[in-house]
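Only one structure is covered here, and it is reproduced in the block below.
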Amino acid sequence: MIRPNSTIDAIPAGEPFVGPERIMRERGLKTMLRLGANESAFGPSPQAIAAMTAELPRLSWYGDPDSYELRSAIAARWNCNRDEILVTSGIDELLGLVVRCFLAVGESVVATAGTYPTFAYHAIGYGGRVESVAYREDGCIDLDALATAAQRCDAAICYLANPDNPSGSFADADAIARLRSALPARTLLLLDEAYAEFADARALPAPRPLPGIVRARTFSKLYGLAGARIGYGVAPQALLAPMLKVRLQYGVNRNAQIGALAALGDAVFARDVLERTARGRAEYAALGAALGLPTLDSTTNFVCFDCSSRERADEILEALLQRGVWTRKPGMAPLDRCVRVTVGNESDRERFASELRAIRARVTV
Ligand SMILES: *Cc1c(COP(=O)(O)O)cnc(C)c1O
């Protein structure tokens, strides 16, 4: 009989995310306000759209497998060499490559229980053991617990999303440096910086490749190119070189490379998205305070509303969905008492606020 390999065979069927399209199909919804995946409500830069549109007829060509122009532009911003940048089909592909290259079957990785799930998904898929540590009660990542767990299991990889999803919390450069030095020397620190652009640049680790760390960046969030699937890793060349041996050679969409390059060049648009996102976060915080659903501090393009218990959060999430507003919520305590809502544009937020007010009038928290 034909069987998958024993690693794959042992994994129960499942997926990290149920897509909003399936939710719409299953519920028979014709329209749905998408505030569940932290997609940008402000779209891609008009310059990115123009560049991609102009190049559409050349989709008969493969993209440049070296992503030479894009890597050059990224390396210039990071003051580093091109070979310290690896362009991938989003951060999600990079997470898989890091696991494939730096984890051996049976080894352990550490991550926070309930953080962005794709890292653990890959670790399990490549035969690793996932050692989880809990969030702190305040919703922040417990960096000390991550280091302790990594020492205990001699982890191959420690995964940290910073700023974090779903909590929105942020650890500054000093905290990251302390974590790195508390980890075993052999442990790779995989720093998922999908939301780094939303943080104060002065609080982030220095913008260069750092020893023992693979930093992951994406064009999906600030730059509004989630559907194009493009991101990159920044790391010392010795950490990226193994991935070049096994990556999918033409995995990065040609048009995505062109859009990402144009997006990088449109600083005015990016600044505008940052400002509008900050306004949206402040509006959500005021709304939460007014409704008795206080928000957690967020350094991202989403906000967690604290509904005080898992049951209430489930109820509010479901009530929102019944009104055509799609959000998500963290699956694990202590954050499972929250509903996570992407910052929409002005009209999205107006709609969300009015639905939440209506629901709040019925739900006792
Ligand atoms: C959205 C998100 C990603 C996905 O990035 P892609 O580049 O779209 O694959 C990765 N990590 C975190 C923490 C995210 O929130």
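The values are calculated or read from the model by the stated rules, or taken from the named source; none is laboratory data. Given the structure is predicted, the values throughout are model-derived calculations rather than measurements. Don't worry about glycine lacking a Cβ; one is built from the backbone with ideal geometry, like all the others, and counts go over all protein chains shown. Accessible surface is based on the protein model in full, side chains and every heavy atom, while ligands, DNA and RNA are left aside. Shrake-Rupley method; radii C 1.70, N 1.55, O 1.52, S 1.80 Å.
Find the accessible area per residue for the stretch 210-261; the probe is 1.4 Å, ligands and nucleic acids are left out, and the unit is Å². Result: 35 Å² of accessible area for each residue.
About the centre of its Cα atoms, the stretch 256-312 shows a dipole size close to 60 debye [charges on the beta carbon of Lys, Arg (+1) and Asp, Glu (-1) only; nearest 20 debye]. The order of Lys245, Lys329 by accessible area, most exposed first and with a 1.4 Å probe, is Lys245, Lys329.
Between Asp172 and Ala241, the modelled label-to-label distance comes to 3.7 nm, taking each label 7 Å out from Cα in the direction of the beta carbon.
Rank Asp66, Asp314 by accessible area, highest first, at a 1.4 Å probe radius? Before the final figure, lay out the partial values.
Working: Asp66 85, Asp314 65 Å².
Sorted by accessible area, descending: Asp66, Asp314.
For the pair Ser309 and Arg271, what calculated FRET efficiency results from E = 1/(1 + (r/R0)^6), where r is the Cβ-Cβ distance and R0 = 41 Å, to the nearest 0.05? That pair, Arg271 with Ser309, gives E of 0.55. Between amide H atoms placed 1.01 Å from N, distances below 5 Å from Thr88 occur with Gly231, Tyr232, Gly233, all of them 5 or more places distant or on a separate chain. Estimated from the Cβ-Cβ distance and a Förster radius of 30 angstrom, the FRET efficiency linking Arg202 and Ser354 is about 0.20.
Select from the stretch 6-38 those trypsin sites (Lys or Arg not before Pro) which occupy a DSSP coil region and have at most 16 other Cβ atoms within 10 Å, ordered by residue number.
Values: sites: Arg22, Arg25, Arg27, Lys30, Arg34; in loops: Lys30.
Loop-located and lightly packed - Lys30.
At a Cβ-Cβ separation cutoff of 4.7 angstrom, cysteine residues of the chain with no neighbouring cysteine are Cys80, Cys101, Cys140, Cys153, Cys158, Cys307.
Extension gain, Asp83-Ala185: 0.36 nm per intervening residue step, less the Cα-Cα distance, totals 34.4 nm. Each Lys and Arg Cβ is given +1 and each Asp and Glu Cβ -1; about its Cα centre, the chain then shows a dipole of about 460 debye.
Taking a ≥ b ≥ c as the square roots of the eigenvalues of the Cα gyration tensor, an a/c ratio of 1.5 or more together with a/b no larger than b/c marks the stretch 1-122 as oblate. Of Ala145, Ala289, Ala196, the residue with the greatest mean-square motion in the GNM of the chain, using alpha carbon springs below 10 Å, is Ala289. Residue by residue, the stretch 284-298 carries 3J(HN,Hα) couplings of 4, 5, 5, 4, x, 4, 5, 9, x, 10, x, 9, 7, 4, 10 Hz when phi is fed to the Karplus relation 6.51 cos²θ - 1.76 cosθ + 1.60 (θ = phi - 60°); x denotes Gly or Pro.
Per-residue ellipticity at 222 nm for the chain, helices alone: DSSP H runs ≥ 4 residues times -39500 (n - 2.57), over residue total, nearest 500 deg cm²/dmol?
-12500 deg cm²/dmol
Can you give the FRET efficiency to the nearest 0.05 for Asp138 and Glu69, using r as the Cβ-Cβ distance and R₀ = 41 Å? Numbers along the way, then the final one.
Working: r = 43 Å, r/R0 = 1.06.
Efficiency, rounded to the nearest 0.05: 0.40.
Looking at the stretch 46-265 only, what percent of DSSP beta bridges run antiparallel? Nearest 5 please. For the stretch 46-265, the DSSP antiparallel bridge percentage is about 35. Placing a pseudo-label 7 Å from each Cα along the Cα-to-Cβ vector at Met332 and Val363 gives an inter-label distance of 2.3 nm.
Could you tell me the center-to-center distance, by alpha carbons, between the stretch 156-190 and the stretch 50-91 in angstrom? So the separation of the two Cα centres works out to 27 Å. Among Val99, Val246, Val214, the largest mean-square fluctuation in a Gaussian network model of the chain, built with springs joining Cα atoms closer than 10 Å, belongs to Val246.
At a 1.4 Å probe radius, carbon and sulfur cover how many percent of the accessible area of the chain? Don't skip to the end; give the middle numbers.
On the way: 8680 of 16410 Å².
Roughly 53 percent, rounded to a whole number.
For Lys221, a cut-off of 27 angstrom between C-alpha atoms picks up these lysines, skipping any fewer than 8 places away in its own chain: Lys30, Lys329.
Ser167 contributes about 0 Å² of solvent-accessible surface, heavy atoms of the protein only, 1.4 Å probe. Computed with every protein chain present, the accessible area of Leu56 is close to 80 Å² [probe 1.4 Å]. Give the shape of the stretch 46-265 as rounded, prolate or oblate, defined through the alpha-carbon gyration tensor: a ≥ b ≥ c are the square roots of its eigenvalues, a/c under 1.5 means rounded, and otherwise the shape is prolate if a/b is larger than b/c and oblate if not. Here the stretch 46-265 falls in the prolate category. Taking all protein chains as they are arranged and a probe of 1.4 Å, the heavy atoms of Ser40 leave approximately 30 Å² accessible to solvent.
Applying the criteria of a DSSP loop state and at most 14 other Cβ atoms within 10 Å to the chymotrypsin sites (Phe, Trp or Tyr not before Pro) of the stretch 14-112 yields Phe17, Trp61, Tyr62.
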